[in-house]
Amino acid sequence: MANAFHYSIGKKFLQAISGAFLVIFMLLHATVNFFSVIDSLNGNFGLSDGLFAKGCEFMSLPIVTIMVPVLALGFIIHIGYGIYLTWYNIKARGGYKRYEVASKAAADSWSAKNMFVLGIVILGVLFFHLTHFWAHMQLEEFTGGIAADPYLLLTTTFGSVPVLVIYIVWFVAVWLHLSHGFWSMLQTIGWNNDIWLKRFKVLGILVASLIFLMFVSVAVNAYLQAHGIIG
Ligand code: HEM
């Protein structure tokens, strides 16, 4: 099975690199969003010189917007290659199992087996984000319009309970995708030493949880602001 092992890991390289790129993007994005929670704590929520407003201004600088096509490409590669890998694995099942890794138990989690399904669920949050936020901010600016007030966008979007609930469910899917994806990606690029793999798993859970908590706290905070419960 040695050949199959190397083959399957090597095949995933593109998925790991694009995945790493998306993780970095998610961390940056979560940090800028989280500024809105800090603004709430400081009583600056909604102010034009609030930290979140400044973060959004920074995101509209040419140096950042030039990255938009690169980011889109990262998503396209990850989704396209994810579809290919899933199709390939289904076809090859029997030849080798979905995950030919050194420790079978290590790859046997629910998330490991459902990365594609989780990815499809994550597509929902991607679409939601593009239509509810990106279209009113960056796209407006690209097309010569004026970007919407970012705080108002947050409160009008997350002021609704169903939106808040579905947003949280989406980020549970992101958490599941990343709690497996993070260490899997490091293993794919060759860091598959037994001791380190255990540490990477813990680190993966921490990174996934940080991303989850930052995005979800922004939505909950916006809900509380929208209903005058805080602020
Ligand atoms: C927030 C966006 C996303 C991030 C941060 C992310 C991150 C990752 C990471 C780090 C991996 C591990 C790569 C490896 O095992 O070497 C991975 C695997 C995978 N991703 Fe994503 N991903 C995202 C969205 C998506 C989407 C939208 C899809 C598909 C619709 C998708 C499909 C997959 C699949 C199928 C795999 C597993 C490949 C395999 O092990 O067989 N991902 N992802």
- Task: Please state which of the following conditions G190 fails to meet, knowing it meets all the rest: (1) away from the ligand (no atom under 14 Å from the Cβ); (2) more than 17 Å from the chain's Cα centre (by Cα); (3) not hydrophobic (A, V, I, L, M, F, W, C).
- Result: (1)
- Residue selected from the stretch 190-219 under the condition among the β-branched types (V, I, T) and surrounded by 15 or more Cβ atoms within 10 Å (Cβ to Cβ), by the criterion nearest to I38 (Cα to Cα): V218
- Note on the structure: If you go through V117, V218, V202, the only one that is over 23 Å from I17 (Cα atoms) and either over 14 Å from the mean Cα position of the chain (by Cα) or without any contact (Cβ under 8 Å) to a residue 12 or more places away in the chain (or both) is V218
- Looking only at the stretch 85-92, decide whether some residue is at pLDDT 85 or above and either under 30 Å from T155 (Cβ atoms) or buried (at least 17 other Cβ atoms within 10 Å of the Cβ) (or both). yes
- Query: Just for the stretch 52-65: of the residues that are in a helix (DSSP H, G or I) and of a type in the set (A, V, I, L, M, F, W, C), which one is surrounded by the fewest Cβ atoms within 10 Å (Cβ to Cβ)?
  - Reply: I63
- Residue list for the stretch 182-203, restricted to those being in contact with a helix residue (DSSP H, G or I) (Cβ under 7 Å, 6 or more places away or on another chain) and among the basic types (K, R): K201
- Matching residues in the stretch 66-75 - criterion: being surrounded by 12 or more Cβ atoms within 10 Å (Cβ to Cβ) and either near the ligand (Cβ under 10 Å from one of its atoms) or assigned to a helix (DSSP H, G or I) (or both): V68, L71, L73, G74, F75
- Query: In the stretch 133-162, what count of residues is obtained for those that are crowded, with 17+ Cβ neighbours inside 10 Å and either within 16 Å of the ligand (Cβ to nearest atom) or assigned to a helix (DSSP H, G or I) (or both)?
  - Reply: 10
- Message: From the list F171, F215, F200, F182, exactly one residue is farther than 19 Å from I122 by Cβ, assigned to a helix (DSSP H, G or I) and within 14 Å of the ligand (Cβ to nearest atom). Which is it?
- Response: F200
- Hey, F128 under 16 Å from the mean Cα position of the chain (by Cα), more than 20 Å from I63 (Cα to Cα) and modelled with pLDDT under 95 or not: no
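The values are calculated or read from the model by the stated rules, or taken from the named source; none is laboratory data. Note that this is a predicted model, so its numbers are computed, not measured. All Cβ positions, even for glycine, are placed from backbone atoms using ideal geometry, and neighbour counts span all protein chains on display.
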